[in-house]
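This report refers to the structure that appears directly beneath it.
Every number here is computed from the coordinates shown, using simple stated rules; none is lab data. Just so we're clear, the structure is a prediction, and the values are computed from it rather than from any experiment. FYI the Cβ positions are ideal-geometry reconstructions off the backbone, even for glycines, and counts take in every protein chain you see.
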Amino acid sequence: MKGEGSTWLAAGLLSLLLVLLPLLGFGLLPGLALPIYAVNLAGQVMCFALLAMAVDLMWGGAGVLSLGHGLFFAFGGYLCAMHLLRSAYAATHKLPDFLLFMGHGGFPSWWRLADSAPLTLLAVLVLPALLAFAFGYVSFRSRVNGVYFSIITQALTYTAMLLMFRNDTGFGGNNGMTGFHAIAGLPAGGLAAAVLLASLSTAAVLAALLGGRALLASRFGRLLRAIRDDEPRLRFLGYDTLWLKLAAWCASATLAAIAGMLYVPQVGIINPSLLDPTLSLEIAVWVAIGGRGGLTGAILGAVLVNVLKFWLSAAAPTLWPFVLALLVLLVVLALPNGLLDLRNRSRAWLLELAPASLPRRRPAR
Amino acid sequence: MIGGAAASLRICRLGLVIWGALMCLVLSGGRADAAAYDRARLIGQLCSAEASDVLHGLNGMLAEAPGGSLADGRWALGVAQAFSAKALRCGPDGHGFLALPSGEVDAVSLAPAAAPADSRAPLPSLRARRVLEQVDAALRVFVAAKAADRLDAVRTLARHSEGVPANLAQTALAGEHDPEVARALRAWLVEAGLHAPDVAARLAAIAALGGDARAQTANQLMSLRADPAYAADPRVAAALDAAIAHVRFWLRIGDALSLLYNGLSAGSVLFMSAAGLAIIFGLMGVINLAQGEFIMIGAYVTFSVQQTLGAFAPSWIAWYPLVAVPVVFLLTGAVGVVVEVAVIRHLYRRPLMTLLATWAISLLLINLVRVTFGTQNLQFRTPPYLTGGVRVVGDFLVTWNHLFAIGFALLAFAATQALLRLTDLGLFIRAVTQNRAMAGCVGVSTRRIDMAAFGFGAGLAGLGGLALSPIYNVNPTMGTGFIIDSFMVVVLGGVGSLFGTALAALGIGLVNVGIEPFYGAVAAKVIALLMIILLIQWRPEGLIPALGRR
Amino acid sequence: MSTAIAVEALTVGFGDFIAIRDLSFHADYGTVRGVIGPNGAGKTTLLDVLTGKSRPRRGRVLLDGTIDLAPLDEVARALAGIGRKFQKPSVFEALSVWDNLDLALRLHRRSLLREVFAPAAAKAAPIAALLETIGLTALRDQAAGTLSHGQKQWLEIGMVLVQEPKLLLLDEPVAGMSEEETAHTAALLHRLRAPGRSIVVVEHDMDFVEQVADAVSVLHEGRTLFEGSMAEARGNAQVIEVYIGR
Ligand SMILES: Nc1ncnc2c1ncn2[C@@H]1O[C@H](COP(=O)(O)OP(=O)(O)OP(=O)(O)O)[C@@H](O)[C@H]1O
Ligand SMILES: [Mg+2]
């Protein structure tokens, strides 16, 4: 499997970040300290990286591009926010604004299910995957694929966004849900919580990277790539690709939901903007820019684009959309497989220049 | 709050009217004709300290309103308005003066005269004010120069008709030339007839109402059922029931037609944006996420044409929607060609990447427009022939701007169909759509065809923007809402069949419009999406599958 | 000799174009059946119908002479033992030669889950043996996309063979092969003959067909023009006119 080197490099860097986050965050190294917003930023970017990996698993893995992963991301986020609001209520006995606004005297009774953290976690792992299953089943079964599938996923998030924008859907409408009190016992917005969440996000990315690589290297991963190459052929070999795609699709949705669950406490709010089709498209853009199929490209793309975005939208907000658009066009036209291509190309140039000095990489089985 | 705002608006308007009326008054003041009014007595009553005298005077004015001459009417209106604006000065001897902007005049003779220092400006009581308002309106019905003023007066009277002389409406109708004011007068007459003591008058009024099916008349008739007089007389009750049934029937027809009409117009707009999308998708397997931005560009080009005409040929400005047609088509088409040559052509075998590339293009276009034109909605000078509409049946109104969009879409459909069926380019487009490799083999330059088709699709979307400009808000992000619906049309209609596209566009337009009033816009979207997903289960190739090898 | 596949009164159309018209066809276990005919005769379309790629307008397709294939999709038919090599070489270009065969070799037809988690070692021996047969052992780790046209043909033949199909459908197996490779393929087909296997070969190379096939069907414009031995076909006036003579 190609890209082993970059996997280990990425895994190493992630581990380093994992170690450094608490050290720098709490200022344990003399003279070196990260401000809390930087810790927070790193955590958010890691969530985006996780989200990008979820999309890459499907796109790079099976050639199925989802333009609707914002749906699963937001699903995880809303579930997490429900739990945080319930625990905030348990601590302060103050109802969140959106319930008061809707004229409710209390939480709808079924929200009590979100009281338990393990149950919420279970919900994050299961419910988005169930939704993905239902949608994937009807789509894959009727052989909706390629561009059709991408656009229908986009329509799905769009519809979900319209739904969540309504106040009477019961999840805060366009204002969303906010007012978290504590995260795992640490005061929300505090340094400890920020470091904890950022470290958790980094660890999740690391775990997903290693797990995802193993998955892609397995026979399952090879079957996915066979689907990407020529799905009908695989069916003529007697594989019901419906179930293969569904398995990958549900796993991908779960990954996105985990990213959402970690993201929401870090930004302190969730609202339907996460369901905006633009976000879902941007995820695909991160992956395209970083490079598909190896998961490291997804991480690279998510980190680069988002850091650039954070920086530029503060420094030159009108410039950012232009930069993003031109970046996409450049990558799509010049580097068909993203920035990872750059490495392969430079390697090819080097080989041309000095054929003997570099060991030729043997393609691994 | 709201009442207060309305009241102050009223006062402002009243002020203007006073000024205008007083000017007329002064101009016509010299012509003294046979006085039907005892002007001096009237002023005396108004200046009286007794509230009953004042009311008496006002009621007299109201009763005289239909009878007096034009000059009398103008004088009376001037006095009434001065009274309500506290511009009537009363001397201690019961003599009246009017405080005009040009100076004080005697209230009876209108000759310049200064009011004595100890004169007072009486404040009309609340009851007097109510009558004063009626007097003002009743006089305006006869003397106001502007039809809009008279219309307003009639409506005011129809709202507060107690004490208004019975013959007023009839008299006014005889002298009225404006059709709208006449209609309002007739409606008022009918309304009055409903409550007339005379059964025949009531029956006539009910019949008249029944012949005019509107939601408003339905309500009027319904409220009559509660009137005890109707329970008493079976003839009236029967007539009422028949009239209600009739009105309801036509209302329902009108509502159904409105729904159809609105669906048709929504579908037309969808068709304009989806047709290009479908042709391009069929031809190249590429979904152009910038299609909505082509619509937006079309609208902006239309706007620029309007501005240019306004600057260089103002007499032509009303015709900008027509002048813009070729300009929009060519310019938007040119943008499409540039996009195809610069980007799309390099990505034919990578349709998913094309999605991202066209999204980047849409981002670029939106922001380019945003930087040059700003984010606010454009202010179009919608020409008179595209504003308003005509009522057909019930509350169904054929609005010209929607009719414009529908007609435009029909023309676009016909033109596209002609292009595809009758021209060489169309033949080539169909050939490449069916079998690209084969068409390439027999010497069709597939690249040129792609370019031309993409330009055509873009131009079509641009025309969609033109057709939309009198209906929708035009701003840089207006296109983003279209792409998802348009793609749904392509999914539903299948590729390579313009007929399927049109049918699907109408279907989705109707579903959206049809569901919205009952369950809301969101439900409409949800249901449309579910229906499409279901349809794909049953027919993956769309409504009308294209032939050919894929 | 029992019937492996029987096609009765088959009609297949695309739009208003009829590709196969009222065609009957059958192939027996233990035999090799050649199918020849000019371009566009409907040979590939026939295989499409057998494997479930195209749906017929009319007619029946029976496996083992009794099982109606109509309700089975292409996956079920593959699992039922119908293997096909496509006219246009169809291998998974991003995967290595070995991995292509690894996916083609099915150890657990009943359970996708067990197939996915089957240990690689369990498949190693048959794959290695097959690589020897198709002569690609040296290229086992190379991506299939980098192979030459002939090598892809071999690889795809290998992918079908490794499934041990009872009905083996080969669409132009020797197109683009050298004479030597063609002979090699002919020899391979001889070895593949088995009492429990029926082989259908669509080919334009007459000599190859004559070498391997027990009987041939000549298709023309969606109909069977002739059925019998290759030698008889060569002598048939109609066949000469529409096909061989040209
Ligand atoms: N999916 C399809 N849609 C439309 N036409 C088709 C389709 N499949 C096949 N055809 C047509 O059916 C006819 C028969 O095609 P087929 O591929 O079966 O021929 P063939 O005998 O295999 O020819 P060749 O020797 O060239 O491979 C051809 O005219 C072809 O164009
Ligand atoms: Mg063929």
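The stretch C:1-48 and the stretch C:142-209 have Cα centres spaced 19 Å apart. Convex hull volume of the C-alpha atoms in the stretch C:73-151, normalised per residue: 112 Å³.
Set the Förster radius R0 to 45 Å, insert the Cβ-Cβ distance between C:E132 and A:L333 as r into 1/(1 + (r/R0)^6), and round the FRET efficiency to 0.05. List each step's numbers first, then the result.
Working: r = 45 Å, r/R0 = 1.00.
Efficiency at R0 = 45 Å is approximately 0.50.
Let's test the formula: R0 of 35 Å, r as the Cβ-Cβ distance of B:A166 and B:A245. What FRET efficiency results, to the nearest 0.05? After rounding to 0.05, the efficiency reads 0.70. Ranked by the mean number of other Cβ atoms within 10 Å of their residues, highest first, the peptides C:4-11, A:62-69, A:50-57 fall in the order A:50-57, A:62-69, C:4-11.
For a quick check: sort B:L355, A:L32, C:L130 by the number of other beta carbons within 10 angstrom, fewest at the front. If you can, show how the numbers build up before the last one.
Details: B:L355 26, A:L32 10, C:L130 19.
The fewest-first ordering by Cβ neighbours comes to A:L32, C:L130, B:L355.
Of interest is the spacing of the C-alpha centroids, which for the stretch A:244-307 and the stretch B:342-377 amounts to 22 Å.
Specify the angular offset, from 0 to 90 degrees and rounded to the nearest 10, of the alpha carbon long axis of helix B:446-468 from the longest principal axis of the alpha carbons in chain B. In chain B, helix B:446-468 runs at an angle near 10 degrees to the longest axis. The label point for B:L422 and the one for B:R155, both projected 7 Å from the Cα toward the Cβ, are 4.9 nm apart. Computed from backbone phi with θ = phi - 60° and the Karplus coefficients 6.51, -1.76 and 1.60, the 3J(HN,Hα) list for the stretch A:118-124 is x, 5, 4, 4, 4, 4, 4 Hz; x is used for glycine and proline. Modelled label positions at A:T278 and A:A90, each set 7 Å beyond Cα in the direction of Cβ, lie 3.8 nm from each other. Does the stretch B:351-449 come out rounded, prolate or oblate by the C-alpha gyration tensor, with a ≥ b ≥ c the root eigenvalues, rounded set by a/c under 1.5 and, if not, prolate when a/b is larger than b/c and oblate if not? Oblate is the answer for the stretch B:351-449, as a/c is 1.5 or above yet b/c matches or exceeds a/b. This model, with +1 at the C-beta of Lys and Arg and -1 at the C-beta of Asp and Glu, gives chain A a dipole about its Cα centre of some 1100 debye.
Each principal axis of the Cα cloud of the protein assembly as shown was taken in turn, and the coordinate range along them, longest first, works out to 135, 91, 65 Å. Rounded, prolate or oblate, given the Cα gyration tensor of chain A, with a/c below 1.5 counting as rounded? Verdict is oblate for chain A. Put the Cα centre of the stretch B:478-537 next to the Cα centre of the stretch B:236-252 and the gap is 37 Å. Annotation: amide H of C:A19 within the under-5 Å range of C:V12, C:G13, C:F14, sequence separation 5 or more or interchain, hydrogens built in the peptide plane. Other protein chain C-beta atoms within 10 Å of residue C-beta, averaged over A:217-230: 5.
Cβ crowding within 10 Å ranks B:H56, A:H93 as A:H93, B:H56, fewest other Cβ atoms first.
With contacts defined as alpha carbon pairs under 8 Å and 6 or more residues apart, what's the relative contact order of the stretch C:4-54 in percent?
Numbers: 53 pairs, mean separation 14.9, N = 51.
Taking the mean separation of contacting Cα pairs over the length of the stretch C:4-54, I get 29 percent.
Between the residues B:H195, B:L168, B:A245, the greatest Cα displacement towards the positive end of the dipole of the stretch B:168-253, with unit charges on the Cβ of Lys, Arg, Asp and Glu, is found for B:A245.
For chain B, what is the relative contact order in percent, using Cα pairs closer than 8 Å and at least 6 residues apart in sequence? Once divided by the residue count of chain B, the mean separation gives 15 percent.
What ranking do A:296-304, B:112-120, B:278-286 get when scored by the average of other Cβ atoms within 10 Å per residue, highest first? Mind showing how you got there, number by number?
Details: A:296-304: 26.2, B:112-120: 13.4, B:278-286: 24.3.
Descending mean neighbour count gives A:296-304, B:278-286, B:112-120.
Here's how it looks for C:G34: its modeled amide H is under 5 Å from those of C:V201, C:D214, C:A215, C:V216, C:S217, which are all 5 or more places away or on a different chain.
Across the options C:L136, C:P195, C:I240, the greatest Cα extent toward the positive end of the charge dipole of the stretch C:127-246 (unit charges at beta carbon of Lys, Arg, Asp, Glu) belongs to C:P195.
Dipole of the protein assembly as shown, Cα-centred, from +1 at each Lys and Arg C-beta and -1 at each Asp and Glu C-beta, to the nearest 20 debye?
Numbers: 90 positive and 77 negative charges, 364 e Å.
The dipole of the protein assembly as shown has a size of about 1740 debye.
Just order B:202-215, B:307-320 by mean Cβ neighbour count inside 10 Å, highest at the front, would you? Before the final figure, lay out the partial values.
Details: B:202-215: 19.4, B:307-320: 13.9.
Highest mean packing first, the order is B:202-215, B:307-320.
Pairs from the table (B:K86/B:K146; C:K88/C:K166; B:K525/C:K53; A:K245/C:K43; A:K245/C:K123; C:K53/C:K152) lying more than 28 angstrom apart at Cα are B:K525/C:K53; A:K245/C:K43. Across A:P128, A:P187, A:P272, mean-square fluctuation computed from a Gaussian network of chain A (C-alpha pairs under 10 Å connected) peaks at A:P187.
Between B:T308 and B:N473, what is the FRET efficiency for a Förster distance of 22 Å, r being their Cβ-Cβ separation, to the nearest 0.05? Before the final figure, lay out the partial values.
Numbers: r = 22 Å, r/R0 = 0.99.
In this case the efficiency is close to 0.50.
Could you give each residue of the stretch B:106-115 its phi-based ³J(HN,Hα) in whole Hz, using Karplus coefficients 6.51, -1.76, 1.60 with θ = phi - 60°, and x for Gly or Pro? Whole-Hz 3J(HN,Hα) from phi for the stretch B:106-115: 6, 5, 8, 8, 6, 7, x, 7, 8, 6.
For chain C, relative contact order (Cα pairs under 8 Å, six or more residues apart, normalised by length) works out to 29 percent. Karplus-based coupling profile of the stretch A:166-182, in residue order and whole Hz: 6, 5, 7, 5, x, 10, x, x, 6, 6, x, 10, 8, x, 6, 9, 9, with θ = phi - 60° in 6.51 cos²θ - 1.76 cosθ + 1.60 and x standing for Gly or Pro.
Axis of helix A:241-267 versus longest Cα principal axis of chain A: the two differ by about 50°, to the nearest ten degrees.
Only helical DSSP H runs with n ≥ 4 go in: add -39500 (n - 2.57) per run for the protein assembly as shown, normalise by residue count and round the 222 nm mean residue ellipticity to 500 deg cm²/dmol.
On the way: 43 runs with 727 residues, N = 1161.
One gets -21000 deg cm²/dmol as the mean residue ellipticity at 222 nm.
Please compute, for peptide B:284-295, the average count of beta-carbon atoms on other protein chains lying within 10 Å of each residue's beta-carbon. Can you show the working numbers first?
On the way: counts 0, 2, 1, 5, 0, 6, 0, 0, 0, 0, 0, 0.
Averaged over the peptide's residues, the number is 1.
The ranking of B:S69, C:S198 from fewest to most other beta carbons within 10 Å of each one's beta carbon is B:S69, C:S198.
With a 10 Å cut-off around each Cβ of B:348-358, the average count of Cβ atoms from other chains is 6. Near C:S96, the amide H atoms lying under 5 Å from its own belong to C:A144; only residues 5 or more places off or on other chains count, and H is placed 1.01 Å from N. Note on chain B: Cα Rg divided by 2.2 N^0.38 Å, N the number of residues, gives 1.36.
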